[in-house]
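Notes follow once the structure below has been shown.
Derivation of every value follows stated rules applied to the coordinates shown; laboratory data play no part. Since this is a predicted model, take the numbers as computed values, not measurements. No Cβ is skipped: glycine too gets one built from the backbone with ideal geometry, and neighbour counts run over all protein chains shown.
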Amino acid sequence: MKINIQKLPKSEIELKIEIPVLEFQDFIERAVLDSGQSLEFPGFRKGKAPKEIIEREVGRDKILKMASEAAIKTNYLKAIKENKIEAIGQPEITLLKLAQGNPLEFKAKVAILPDIYLSDYRQIGSKVKKQKNIIITDDELARIKKEKEKIESQRVCQEILDKIGENLEVELPEVLIEAEKKRMLEDLKFQVFQILQFKNFEDYLAKINKTEKEIIDSFLPEVEKRIKNSLILKEIGKKEKIEVSESEIDDEVNKILENPSQKNTPQTDIDIERLKNYTKEVIKSEKVFKFLESLAQ
């Protein structure tokens with residue numbers, strides 16, 4: 001496999017990939033076998049017909065299409081892994097050459113996590129002042145003190161993140177911006193229905209005299225801030241070598257699965273691997289937050 005990688009604007013890259021003839025031939029052979037599994041021909045057991053008969057029945061073009069799709073998926077993922085590319089979302093695939101007896105050529109354009117260069121976050125963090133003593137009155141409870149401590153912790157971390165992000169210049173991938181806009185819109189709709197008790201979103205828009213597009217466009221500053229914060233946390237986690245153990249992930253996943261709200265959800269309906277990945281990122285973020293808080297005086 002030959003790979004050429006080109007950087008594009010807005011944190012995108014384009015991979016041009018060539019799969020050699022012999023390697024692509026393996027995918028063609030596999031496509032023929034897969035096509036013949038469900039076919040029956042006189043004189044042969046199901047799925048056991050010679051490949052020449054299968055090719056004639058299925059058609060060369062269809063087999064080439066099946067082979068190219070499998071080859072593209074396999075080699076794209078291989079290229080991403082071997083080159084340690086942190087791809088975001090699905091790639092935009094363009095087929096460049098597909099012909100019998102020739103190498104398969106395609107290009108894939110995909111968004112990536114941008115490189116970011118942080119200022120001295122340890123020094124920035126050390127200049128942030130903590131509220132040393134959380135003062136509460138006697139009719140207040142211990143849980144209220146705990147809640148106030150949590151709020152103060154969040155304030156400290158956010159102040160550090162804001163200061164780190166002040167001079168951070170980075171091209172944010174469009175796919176991340178659009179995904180965060182969508183997430184914020186869904187959060188707003190939840191509030192509109194569940195908290196504000198509107199029957200539909202259109203009534204809410206009429207009430208505030210705005211269109212959905214105007215609402216979405218207004219999200220942009222907050223969207224950019226959220227994405228920058230996420231990238232900063234990820235980069236600090238790398239630099240400080242903050243890791244999450246498998247036992248930590250498993251413990252938290254088990255807590256989630258044992259939650260009463262999950263009791264009636266069949267295990268088959270839960271994507272455990274996705275849940276684990278999500279849980280890992282949550283725990284790692286919490287550890288980075290604690291690290292940032294420890295920098296403050």
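Structure above, values below:
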quantity	calculated
Neighbour net charge for Glu243 - beta-carbon separation under 11 angstrom, K R +1, D E -1	+2
Cα-centre dipole for the chain with unit charges at Cβ (Lys and Arg positive, Asp and Glu negative), debye to 20	280
For the stretch 43-123, the Rg and Dmax computed from alpha carbons only, in angstrom	20.5, 79
Listed residue pairs exceeding 26 Å between alpha carbons, taken from Lys127/Lys234; Lys213/Lys280; Lys130/Lys239; Lys2/Lys109; Lys127/Lys228	Lys213/Lys280
Cα coordinate range in the stretch 215-254, projected on the principal axes (Å, largest first)	42, 28, 6
Kyte-Doolittle mean at least 0.0, axial Cα span of 30 Å or more - DSSP H helices of the chain	none
Cα convex hull volume per residue for the chain (Å³)	248
Mean ellipticity per residue at 222 nm, deg cm²/dmol - from DSSP H runs of n ≥ 4 across the chain, formula -39500 (n - 2.57)	-18500 deg cm²/dmol
Residue exposure sequence - Phe291, Phe201 - by fewest surrounding Cβ within 10 Å	Phe201, Phe291
Largest-first ellipsoid semi-axes for the stretch 121-295, taking √(5λ) over the Cα gyration tensor eigenvalues, angstrom	29, 25, 22
DSSP bridge pairs, the stretch 1-116: antiparallel proportion in percent, nearest 5	100
Max mean-square fluctuation residue, GNM over the chain, Cα-Cα springs under 10 Å, options Glu214, Glu18, Glu92	Glu214
Rel. contact order, % - alpha carbon contacts under 8 angstrom, at least six apart, the chain	18
Cα radius of gyration and Dmax for the stretch 1-135 (Å)	24.3, 88
Order of Ile242, Ile53, Ile17 under a 10 Å beta carbon neighbour criterion, fewest first	Ile53, Ile242, Ile17
